[in-house]
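Take a look at the structure below.
The values are calculated or read from the model by the stated rules, or taken from the named source; none is laboratory data. All values derive from a computational prediction rather than experimental measurement. Neighbour counts are summed over all protein chains in view; Cβ atoms, including those assigned to glycine, are modelled from backbone coordinates with ideal geometry. Note: areas computed on protein heavy atoms with side chains; ligands, DNA, RNA excluded. Shrake-Rupley method; radii C 1.70, N 1.55, O 1.52, S 1.80 Å.
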Amino acid sequence: MFKNVDYRLLVQIESTIDELYVLESILKLMRESCQEKDFSLPNSNYSQEQKITLSEERNDYINMLNIALDKIDHIKKELLVNK
């Protein structure tokens, strides 16, 4: 009985880790997109104030994505240690 429960738990943990890797990849792509857009901001179409506002907004998104990625990394480490 316990072996069956242990096996199902391991399968669930592995599935969760797989989903975390997918989520991590999506968040990394979003972060890279924000960074690329910030670095390639056209000079002629925006005022200096608009550029600063857009840059600050993207920095906020990048920071939130970094926090989410840190949380995912922490969860993955916890799951892998307890596996």
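Here are the numbers:
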| item | result |
| --- | --- |
| Region 11-59, subset surrounded by 11 or more Cβ atoms within 10 Å (Cβ to Cβ) and part of a loop (DSSP other than H, G, I, E, B), residue modelled with the highest pLDDT | TYR46 |
| Cross-chain or 6+ apart pairs with Cβ under 7 Å, region 63-83 first and closer than 17 Å to SER25 by Cβ, then open to solvent by 90 Å² or more (accessible area, probe 1.4 Å) | LEU65/MET30 |
| Number of positions in region 67-77 that are at pLDDT 90 or above and open to solvent by 50 Å² or more (accessible area, probe 1.4 Å) | 6 |
